[in-house]
Amino acid sequence: MPDFEARRRAIWGDRVFSEEEVKAMREEELGDRGEIFRAIGNIGAVYSIRGDYDCAIDCYERALLICEELGDRRGISQMIGNMGMVYSHRGER
């Protein structure tokens, strides 16, 4: 089986990833869903801070799905709240 870096390059090419993104990919590969949703949520926060609201929403929605799979009500409320903040920053109500 090829190493993690080789698989990442095969999927994403030469795109540069943050440490949080790499962490999320590795955790997803290992299957720790609780840590995956946290890492993806953190990536969403970075995108939100940078003003890349579409990517932030994508991350939060992905994390929300994992929280729903886990039955993590606290995580669900956090991701919904994060999405609400992004929509507010975009001027949507």
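The values are calculated or read from the model by the stated rules, or taken from the named source; none is laboratory data. Just so it is clear, the model here is predicted, and its values are computed rather than measured. Every residue, glycine among them, receives a Cβ derived from its backbone with ideal geometry; neighbour counts consider all protein chains shown. Side chains included, ligands, DNA and RNA excluded: accessible areas come from the protein's heavy atoms. Shrake-Rupley method; radii C 1.70, N 1.55, O 1.52, S 1.80 Å.
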Residue hits (the range 34-51; charged (D, E, K, R) and surrounded by 15 or more Cβ atoms within 10 Å (Cβ to Cβ)) are 35, 38
So, first residue assigned to a helix (DSSP H, G or I) in the range 52-75, second residue of a type in the set (Asp, Glu) and crowded, with 16+ Cβ neighbours inside 10 Å, Cβ within less than 9 Å, six or more apart or across chains; the pairs are 66/72
| Could you say whether any residue in the range 15-25 is modelled with pLDDT under 65 and either open to solvent by 100 Å² or more (accessible area, probe 1.4 Å) or under 23 Å from residue 87 (Cα atoms) (or both)? | yes
Those residues of the range 58-79 which are among the β-branched types (Val, Ile, Thr) and touching a Lys or Arg at 6+ places or on another chain (Cβ under 9 Å) amount to 66
Within the range 60-93, restricting to residues that are acidic (Asp, Glu) and exposed (fewer than 13 other Cβ atoms within 10 Å of the Cβ), the one that is farthest from the chain's Cα centre (by Cα) is 92
With the structure loaded, tell me whether residue 36 is modelled with pLDDT under 85 and within 30 Å of residue 91 (Cα to Cα) or whether it fails that test.
yes
